[in-house]
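The values are calculated or read from the model by the stated rules, or taken from the named source; none is laboratory data. Source: prediction; values computed, not measured. Cβ sites come from the backbone with ideal geometry, for glycine too, and all protein chains shown count toward neighbours. With ligands, DNA and RNA removed, areas are computed over all heavy atoms of the protein, side chains included. Shrake-Rupley method; radii C 1.70, N 1.55, O 1.52, S 1.80 Å.
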Amino acid sequence: MAAQQTLDNAASWGTATHQAVEKFLTGEEYEVDPIIIPSIQAFKKWKKEYKAKILDVQNDVERKVYDLEDRYAGTLDALVEIKGVLGVLDIKTGSGIWDEYSLQLAAYMGAYNKSVPSKRMAKTRWILRLDQFEECKFCGAKKRVKGGKILIRGGKTSCYHKFSPARGEFEFKELKDFNHDIDGFIGAKRLWEWCNKSHLKQIENYPKTKIIQSLL
Ligand SMILES: [Zn+2]
């Protein structure tokens, strides 16, 4: 099936999940690919549990942000309000929440906050990881078929597994210490520019920030 083939790698799995979540957040009618339904159910459960609100459907989902001062741009998944606090939400579909995500979300939040009046500024950052797996009813092993590959974790290798239908789950994490993370991001970006200076030099209009100018 063509639709299933498009979900044959981790990247397209992530894209399909993002697309479905975004349509759901903006209230658009959308036919969800059957394979990702458990993940989308997990998303709906999260939204209900945390009473997450989108304040501006037109602008707060898939919002492009850019920082003219530090020269970078990106697209954040959504700005949501939870218990009166506005924050940057990023959806992940991998198997864990990694440290580097704090750099990415700090970059989004920094750029976004520079583009809005203070009452519309984001106060925090959240990662919502959507996952789905089948579970062996004998040994508890978890089987994930995301991204075309079958991964079985936990349980007993000697077990003749009998797996449940796929079910979804979410992991929700708030990232603290924005200042520390934005410093890390800007530092990483500068290091990247330093490593790539010979290439960047060839881009005539590559913005030359102070630090770049001193290096080139
Ligand atoms: Zn088993």
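Numbers at a glance
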{"quantity": "Amide H contacts of residue 65 (H built 1.01 Å from N, under 5 Å, at least 5 apart or other chain)", "calculated": "74, 75, 76"}
{"quantity": "222 nm mean residue ellipticity, helices alone, for the chain (DSSP H n ≥ 4; -39,500 (n - 2.57); rounded to 500)", "calculated": "-11000 deg cm²/dmol"}
{"quantity": "Rounded accessible area of residue 26 (nearest 10 Å², 1.4 Å probe)", "calculated": "40"}
{"quantity": "Rounded to 10°, Cα long-axis angle of helix 37-50 versus longest principal axis of the chain", "calculated": "70"}
{"quantity": "Low-density loop cleavage sites - trypsin sites (Lys or Arg not before Pro) in segment 29-89, where at most 12 other Cβ are within 10 Å (DSSP)", "calculated": "51, 83"}
{"quantity": "Karplus (6.51, -1.76, 1.60) ³J(HN,Hα), θ = phi - 60°, over segment 121-136, in Hz, Gly and Pro reported as x", "calculated": "6, 7, 9, 8, 10, 10, 10, 10, 9, 9, 9, 8, 7, 9, 10, 6"}
{"quantity": "Proximal lysines to residue 53, defined as alpha-carbon separation beneath 23 angstrom and excluding residues fewer than eight positions away on the same chain", "calculated": "23, 44, 45, 64, 83, 92, 114, 119, 123, 173, 176"}
{"quantity": "Segment 158-163 - phi-based ³J(HN,Hα) in whole Hz, Karplus 6.51/-1.76/1.60, Gly and Pro as x", "calculated": "7, 6, 8, 3, 10, 8"}
{"quantity": "Phi-based couplings in Hz for segment 191-203 (Karplus 6.51, -1.76, 1.60; Gly and Pro marked x)", "calculated": "5, 4, 5, 5, 5, 9, 4, 5, 6, 5, 4, 6, 8"}
{"quantity": "Size descriptor, Kirkwood hydrodynamic radius, that averages inverse alpha-carbon separations across segment 105-216, Å", "calculated": "18.6"}
{"quantity": "DSSP bridge orientation in segment 1-135 - percent antiparallel, rounded to nearest 5", "calculated": "65"}
{"quantity": "Chymotrypsin sites (Phe, Trp or Tyr not before Pro) within segment 104-168, DSSP loop, no more than 13 other Cβ atoms inside 10 Å", "calculated": "138, 160"}
{"quantity": "Gain in span if fully extended, residue 203 to residue 191, counting 0.36 nm per residue against the direct Cα distance", "calculated": "2.6 nm"}
{"quantity": "Relative compactness, the chain, computed as alpha-carbon Rg over 2.2 N^0.38 Å", "calculated": "1.19"}
{"quantity": "Residue 15/residue 118 FRET efficiency (R0 30 Å; Cβ-Cβ; nearest 0.05)", "calculated": "0.30"}
{"quantity": "For segment 6-47: rounded, prolate or oblate by the Cα gyration tensor [a/c cutoff 1.5]", "calculated": "prolate"}
{"quantity": "Between 0 and 90°, nearest 10: helix 100-114 axis offset from the chain longest Cα axis", "calculated": "50"}
